[in-house]
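Report on one structure; see the data block that follows.
The values are calculated or read from the model by the stated rules, or taken from the named source; none is laboratory data. What you are looking at is a predicted structure, and each value in this text was computed from that prediction instead of being measured. When we count neighbours, we look across all protein chains shown, and the Cβ atoms used for this are built from the backbone with ideal geometry, even at glycine.
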Amino acid sequence: MWLLLLLSVLGTCWAQYNPNTQPGRTSIVHLFEWRWDDIALECERYLAPNGFGGVQISPPNENVVIHNPSRPWWERYQPISYKLCTRSGNEEEFRNMVKRCNDVGVHIYVDAVVNHMCGNGVTAGRDSTCGSYFNPGKREFPSVPFSGWDFNDGKCKTGSGEIENYGDMYQVRDCRLVGLLDLALEKDYVRSKVAEYMNHLIDIGVAGFRIDASKHMWPGDMKAFLDQLHDLNRTWFPEGAKAFIYQEVIDLGGEAIKSSDYFGNGRVTEFKYGAKLGTVLRRWDGEKMAYLKNWGEGWGFMPSDRALVFVDNHDNQRGHGAGGAAILTFWDSRLYKMGVGFMLAHPYGFTRVMSSFRWPRYFENGKDINDWVGPPNDNGIIKRVTINPDTTCGNDWVCEHRWRQIRNMVIFRNVVDGQPFTNWWDNGSNQVAFGRGNRGFIVFNNDDYELSFTLQTGLPAGTYCDVISGDKIDNNCTGIKITVSDSGNAHFKISNTAEDPFIAIHVNAKL
Ligand code: AAO
């Protein structure tokens, strides 16, 4: 009886930590600023066949149209209404994407911007992605509707009405983040409107949410709208399944608000992960890969089963948010592939892969003055993601998730799912290796000299295809072959000047 009660309590409160990916699919990819019709195609032609579990999409609700600068990516973080109507597509296209992706077992995770509406200083009118009228000065958003009652103007105690000090949790949650009109989520009415929006998405078939700017909402206010959410759509999800929740909270330490404040609601983004991994791989601050032996909680990160991890995100790849210059991105592709490879091989956290667009990055006094530039477009209309004969993307879509090294490590993570972290080896410097039980093994050389060692892999004897330098095709390997002896040992040789100075083998790439 007590056990049953305990199980049912655990059952309901653990649900929101479960990513709802299909069994054996262990990562999601953020297709930043993609159109819905392109995402549907990508689910069918690439993500499903390569074992991706899901897609984080850009905010699907109506946003303000910004002309100065011209259509920045960040206009989508300024909501005007909860109509599904953006540059990525309308509601019909959204529904079509959700259905087609779910039908091939790839789930959709919505970036939910519910802390605020548009900026304080935006001009009133109908310059929004669906043409809805709004008047920020009067706090009027009739398409929701929200009015002056629904904002935190009275509650915020700073002179400017803005967050002035991140050391004061009241400011951070009750005042405006960079001028964005802060919703009064203590009000039942506001909570019900947010829940209605999220339920509309759940009913269509989405599997979960990234909750933007969670740090700027009280955890209890969030719980109040999360508790109103429907179970997931029965067409694709088991009875009683709950939305996966991961909250965007930037906690690098030293501020009033902690990631752990939010564990009751779901998972939390672990921003220390990418900041530290970038520092280690760049060998800054005296860091070296040998120190990664106790990566994870040992580095002061949150518990693994609460963490959503990533090497870079849409903010810190361009100097927004937090993490600074250490963050690795596609612009540093060689180190980036190692970073993503390490993340996907290591058991800590639930992993999200970034997929970006290229922009004309231009530094002045250490700051990228083009950090605002929006997605590839023709007169504002987002360009299609074209696919080149070599399977990479055109039209300035970077498609990191299609890089062989990254795609094959997404598969590696699926193959080693549930296996323990084993057979760690290091040279005391930047040459390290580790295994995942008897299913996979990975070796890195980030030193300035060759690696040449015989290491215990934990794998069954045989010849394996290195999935970093090549692919296993028709029982042949297009890259380096590694022979594992009966004792589980194998010799690895990695030049420090190799195109990719790391090797990864797993049991599904055995020849
Ligand atoms: C735009 C314009 C603004 C204008 C505004 C309104 O750029 O000039 O005032 O419109 O008209 C995105 C863009 C913003 C954009 C906004 C709306 O990034 O530039 O503003 O859309 O269009 C904070 C939040 C975090 C947020 C991050 C960017 O806590 O939630 O700022 N991320 C999300 C989204 C993001 C989006 C929004 C939220 C808003 O991912 O794309 O904004 O919807 C500290 C704090 C962090 C804080 C950062 C940056 O970080 O801890 O919480 O993030 O500062 O303000 C060290 C510290 C680290 C610190 C960091 C930076 O690393 O260790 O803790 O330094 O100081």
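Numbers for the structure displayed
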read-out: Tabulated pairs, region 71-93, first in contact (Cβ under 8 Å) with a residue 40 or more places away in the chain, second among the basic types (Lys, Arg) and more than 9 Å from the ligand (Cβ to nearest atom), C-beta under 7 angstrom, 6+ apart or interchain; value: SER88/ARG35; GLY89/ARG35
read-out: Flag if ALA256 is within 12 Å of the ligand (Cβ to nearest atom) and over 16 Å from the mean Cα position of the chain (by Cα); value: yes
read-out: Positions within region 303-336 being out of contact with any Pro (no Cβ under 9 Å at 6 or more places or on another chain), away from the ligand (no atom under 16 Å from the Cβ) and polar (S, T, N, Q), in sequence order; value: SER333
read-out: Which listed residue, of ASP315, ASP285, ASP332, is in contact with a Gly (Cβ under 8 Å, 6 or more places away or on another chain), among the charged types (D, E, K, R) and without any contact (Cβ under 8 Å) to a residue 40 or more places away in the chain; value: ASP315
read-out: Selected residue (criterion: farthest from the chain's Cα centre (by Cα)) from residues of region 116-134 that are among the hydrophobic types (A, V, I, L, M, F, W, C) and closer than 17 Å to THR86 by Cα; value: PHE134
read-out: Residue match in region 386-394 (condition: within 24 Å of TRP331 (Cα to Cα), away from the ligand (no atom under 16 Å from the Cβ), acidic (Asp, Glu) and surrounded by fewer than 16 Cβ atoms within 10 Å (Cβ to Cβ)); value: yes
read-out: Boolean, VAL206 is within 30 Å of GLU92 (Cβ to Cβ), touching a Phe, Trp or Tyr at 6+ places or on another chain (Cβ under 8 Å), in contact (Cβ under 8 Å) with a residue 40 or more places away in the chain and not in a loop (DSSP other than H, G, I, E, B); value: no
read-out: Filtered residues of region 173-193 (kept if farther than 18 Å from GLU140 by Cβ and either without any contact (Cβ under 8 Å) to a residue 24 or more places away in the chain or part of a helix (DSSP H, G or I) (or both)); value: ARG173, ASP174, CYS175, ASP188, ARG191, SER192
read-out: Matching residues in region 154-195 - criterion: being within 15 Å of the ligand (Cβ to nearest atom), small (Gly, Ala, Ser), over 18 Å from PHE134 (Cβ atoms) and in contact with an Asp or Glu (Cβ under 9 Å, 6 or more places away or on another chain); value: GLY161, GLY167
read-out: 3 or more residues at pLDDT 95 or above, in contact with a helix residue (DSSP H, G or I) (Cβ under 7 Å, 6 or more places away or on another chain) and crowded, with 23+ Cβ neighbours inside 10 Å: qualifying strands (runs of 3 or more DSSP E) within region 210-323; value: 244-247
read-out: Residue pairs meeting the criteria (Cβ under 8 Å; at least 6 apart or on separate chains; first over 25 Å from ARG95 (Cβ atoms), in region 107-119; second of a type in the set (Ser, Thr, Tyr) and within 14 Å of the ligand (Cβ to nearest atom)); value: ASN115/SER214
